[in-house]
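Student: Attaching a single structure in structure tokens format; questions to follow.
The values are calculated or read from the model by the stated rules, or taken from the named source; none is laboratory data. As the structure is a prediction and not an experimental result, all values here were calculated from the model. Counting neighbours? That spans all protein chains shown, and the Cβs are built from the backbone with ideal geometry, glycine included. In case anyone asks, the SASA skips ligands and DNA or RNA and just uses the protein heavy atoms, side chains included. Shrake-Rupley method; radii C 1.70, N 1.55, O 1.52, S 1.80 Å.
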Amino acid sequence: MVEAEAAPVEVAKEKPEAPEAMVKTEDKLVVHDAKVPKPSKSSKGSLDRDIALAKLEDDKRISFIKAWEDGEKTKAQNKAQKKTAEVSSWENSKKAALDSKLKKYEEDLEKKKAEYGERIKNKVAAIHKQAEEKRALVEAKRGQELLKVEESTAKFRATNTAPPKGFGCFGA
């Protein structure tokens, strides 16, 4: 932040009309008009010396402004890097939280899949058991019918009679 007490100072001046003194106090640049005596035209060496001193003061002021500018740019760069790091950290923590949530859901789904698979296997086993029972009943009934036919055959042979000529389903 630059404060000018007397007159605003242009940075791009080629040759200043009067050199100015600058004082830096707690990150503030205060510019004072310097009371420099005008060079007398009596001696050329004195004039050259005054011009050189004015140029030196101007260069000093410009380098001070450049240093201040570089410092402010560095502060802004560091601040931006810090904010970028915070955003990256926030993003990574949110991603990690969502990844863990996704893994939990996947584990839950795998558990449910295993449970449903077990239920289906149990149902398949129950159906197989019922089918075996029904096969056993069919076999038992077939055995009973075969015994009945054998008894009837033995009876017909013992009595020396022929079985009735109709269909067996209409009964004798």
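Student: Which pairs turn up if I take residues in segment 127-156 that are at negative phi and in a helix (DSSP H, G or I) and look for partners that are at pLDDT below 95 and open to solvent by 90 Å² or more (accessible area, probe 1.4 Å) with beta carbon separation below 9 Å, at least 6 apart in sequence or on another chain?
Tutor: If the second residue must be at pLDDT below 95 and open to solvent by 90 Å² or more (accessible area, probe 1.4 Å), the pairs left are S152/A172.
Student: Between residues in segment 69-96 that are loosely packed, with under 10 Cβ neighbours inside 10 Å and residues that are modelled with pLDDT of 95 or more, which pairs lie under 7 Å by C-beta distance while being six or more apart or on different chains?
Tutor: The qualifying pairs do not exist here.
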